[in-house]
Each structure stands twice: as C-alpha cells, then as structure tokens.
Amino acid sequence: MTFGLRNAGQTFQRFIDEVTRGLDFCYAYLDDFLIFSRDEKEHKSHLHQLFKRLQQYGIVINTSKCVFGAKEVKFLGYTISYEGTKPLDTKVEAIKSFPEPKTIKQLRRFLGMINFYRRFIPSAAQIQAPLNNLLTGSVKGSHPVNLRDDTLKAFEAFRGKSIKVTIDRVKPAYVLVDTPETKLQQPKIELDKNIERRTRSGRRVHFPQFYRP
C-alpha cells in the first residue's frame with residue numbers, strides 16, 4: 001500500500017507483525033525494532049534470527065541508524081533498560097517547566113503530556129479531574145482559562161509530582177482488589193524493601209491469614 005493513505009500505517013504494521021511472528025524477543029512498531037536479550041551471546045543469536053527473517057521477506061535495513069548491544073535505549077518516548085521502563089528525562093522536565101495555561105489549547109497540550117505518562121504518576125486521574133472539568137462543553141481552543149483554587153492546585157501538583165518508574169517485575173508483589181457493591185475501587189500498591197510485600201487499599205482492610213503481619 002502506498003504511504004500517505006489513511007490505512008497505510010495499519011497495513012504496514014500488520015505486515016511487520018507477520019515478519020516478526022514467533023520472534024518473542026523482538027517488539028516491532030512500524031519500522032522500529034526493539035530486541036531484548038539477557039547477554040551478548042544471546043543478543044547475537046537474536047540478531048541473527050531477525051536478520052534472517054528480514055532477508056526472507058526482502059527487507060533491507062540501514063545499519064547506520066541501528067544501535068546494537070546497548071544497555072539502555074530510547075524507544076517511542078520511553079527510556080528502556082534492564083531496570084525497567086521510565087519516561088524520558090527531557091519530557092519530565094518539559095512537564096515540570098510548563099507555564100501556567102492561559103487558553104484551552106494550552107491546557108489540552110499540558111494534559112496531553114500528562115496523559116502520555118500517566119501510568120507513572122500515582123493518583124493521576126484523581127488529581128487531573130478538576131482540570132478535565134474545564135474542558136466540558138463546546139469550548140474553543142482560544143477560550144481563556146483562569147486557573148485558581150482546585151484547578152491551580154492540580155496543575156501545580158502535576159508539575160511537582162514525582163514520576164516513578166514501573167514496578168520491578170522480577171520482585172514478587174501481591175495485588176488485593178477491593179470490590180464494594182457500588183463500584184470497583186482501584187487498589188494502591190505498596191512495595192516495601194523488606195521481604196514481606198503486600199498490597200493494601202486506601203482504607204483499612206482485612207487480609208487473608210497468610211498476608212497478615
């Protein structure tokens with residue numbers, strides 16, 4: 001399919017998914033390939049398998065644009081390493097230094113930056129609610145915005161909020177889901193440095209016997 005058409009991206013992605021099918025060590029987004037390996041020997045083996053597959057489909061890569069054997073890479077707006085995934089430092093600084101929005105357009109731009117990394121921000125939806133309320137109704141981008149009280153507090157909270165990395169998937173963690181009759185309550189996850197790691201909700205709960213201190 002010719003690039004520029006509406007479905008070009010989706011069609012190419014389906015093709016790339018077919019090319020990398022069965023290569024569990026490889027993640028591909030359009031023409032960007034990410035390979036994760038445990039050591040140098042395995043990395044060379046993974047590269048050999050991927051290159052062989054690309055050759056089968058007649059795909060040529062530009063090695064000058066490739067990075068091999070890196071312990072840390074920047075990929076699709078994230079920094080990825082053996083320690084996990086975290087936001088780009090430049091993007092975090094952009095959020096913290098973002099000026100107070102004066103128009104709806106500026107507010108939407110700020111919220112867009114927040115939404116991209118919201119999974120790293122504790123209680124993001126709760127903090128963001130007052131700012132989202134300013135977007136209700138048919139308001140144009142040039143409409144003025146006056147942040148005060150709860151909206152200003154929410155904006156300042158995001159600028160000073162610590163954006164955390166993802167949970168270490170190697171360490172054990174327990175998740176307790178609280179399901180009251182009216183709604184599904186989102187649990188808060190707490191991981192201590194000691195060996196006992198358990199999940200607790202925002203209020204007092206009764207853990208099963210083997211979870212109790």
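The values are calculated or read from the model by the stated rules, or taken from the named source; none is laboratory data. Keep in mind that this is a model prediction, so the values were computed, not measured. Glycine gets a Cβ as well: all are built from the backbone with ideal geometry, and neighbour counts include every protein chain shown.
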Qualifying position, being at pLDDT 90 or above, surrounded by 14 or more Cβ atoms within 10 Å (Cβ to Cβ), out of contact with any strand residue (DSSP E or B) (no Cβ under 6 Å at 6 or more places or on another chain) and aromatic (F, W, Y), among F68, F36: F36
Given the criteria of a type in the set (V, I, T) and in contact with an Asp or Glu (Cβ under 9 Å, 6 or more places away or on another chain), does T79 qualify? yes
Helices (runs of 4 or more DSSP H) enclosed by region 1-99 - at least 2 residues per element that are basic (K, R) and touching a helix residue (DSSP H, G or I) at 6+ places or on another chain (Cβ under 8 Å): 89-96
E156 vs. criteria modelled with pLDDT of 80 or more, acidic (D, E) and surrounded by fewer than 14 Cβ atoms within 10 Å (Cβ to Cβ): yes
Which listed residue is at negative phi, surrounded by 14 or more Cβ atoms within 10 Å (Cβ to Cβ) and modelled with pLDDT under 80, from I189, I127: I189
Return the only residue of K86, K91 being under 15 Å from the mean Cα position of the chain (by Cα), over 26 Å from D150 (Cβ atoms) and among the charged types (D, E, K, R). K86
